[in-house]
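Structure first, commentary second.
The values are calculated or read from the model by the stated rules, or taken from the named source; none is laboratory data. These numbers were taken from a predicted model, which means no experiment stands behind them. When we count neighbours, we look across all protein chains shown, and the Cβ atoms used for this are built from the backbone with ideal geometry, even at glycine.
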Amino acid sequence: MDLDLIKKLVKIVDASGVTDLEIEESGLKIKIAKKIRNTQVVTQPQIPVIPSQPAVNSAAPVVKEMAEKKTEIEVPAANLHEIRSPIVGTFYRAPAPDADSYVQVGAVVSPGSVLCIVEAMKLMNEIESDVSGKIIKILVENGKPVEYNQPLFLIELT
């Protein structure tokens, strides 16, 4: 197999959504795979805006009902940062059942530090810290299911 062809295939895999490519030619087998890193998106809760004068035939009853419901939104303190789950899955504090946890309460972490694993569809996704700080609280029990955007850790920023 030609080296230039292999380089072209690597570029194609890198630029596309394909994660694995395996080719066999004349007894020579080549596998190209790329590692996908999880990124975390932290969003703030959205609070509905209630118009002062609703338009005719608008959703006024719905807006009024939303205004009457008292919802409590827990906002972390200014020096605290939440690490949230980027996917739905099962939360694991350690890489294996008999291994030590990635982090404990009181541990100091930096950006890129692995905090836990969220397993989804038999894939183990490492969740990394995006800030420097100290773990204040672990919000999920080991082996429990987590939802998308569910808070996992509270980190005190340093």
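Here are a few things to note about the model shown:
- Residues within region 117-152 that are hydroxyl-bearing (Ser, Thr, Tyr) and over 10 Å from GLU82 (Cα atoms), tallied: 2
- Any hit, region 132-139, residues being surrounded by fewer than 12 Cβ atoms within 10 Å (Cβ to Cβ), out of contact with any Gly (no Cβ under 6 Å at 6 or more places or on another chain) and modelled with pLDDT of 90 or more: no
- Filtering region 83-113 to residues that are within 17 Å of VAL146 (Cα to Cα), in contact with a Ser or Thr (Cβ under 8 Å, 6 or more places away or on another chain) and part of a loop (DSSP other than H, G, I, E, B) leaves PRO86, ARG93, ALA94.
- When the criteria are applied in full, ALA59 meets the requirement of being surrounded by 10 or more Cβ atoms within 10 Å (Cβ to Cβ), among the hydrophobic types (A, V, I, L, M, F, W, C), modelled with pLDDT under 90 and not assigned by TED's automatic domain parsing to the domain that holds VAL146.
- Summed over region 104-137, residues that are among the β-branched types (Val, Ile, Thr) and under 15 Å from the mean Cα position of the chain (by Cα) total 5.
A quick yes/no check of all residues on (1) within 23 Å of PHE153 (Cα to Cα); (2) at pLDDT 80 or above:
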position	(1), (2)
LYS8	no, yes
ILE12	no, yes
GLY17	no, no
ASP20	no, no
ILE32	no, no
LYS35	no, no
ASN38	yes, no
VAL42	yes, no
PRO48	no, no
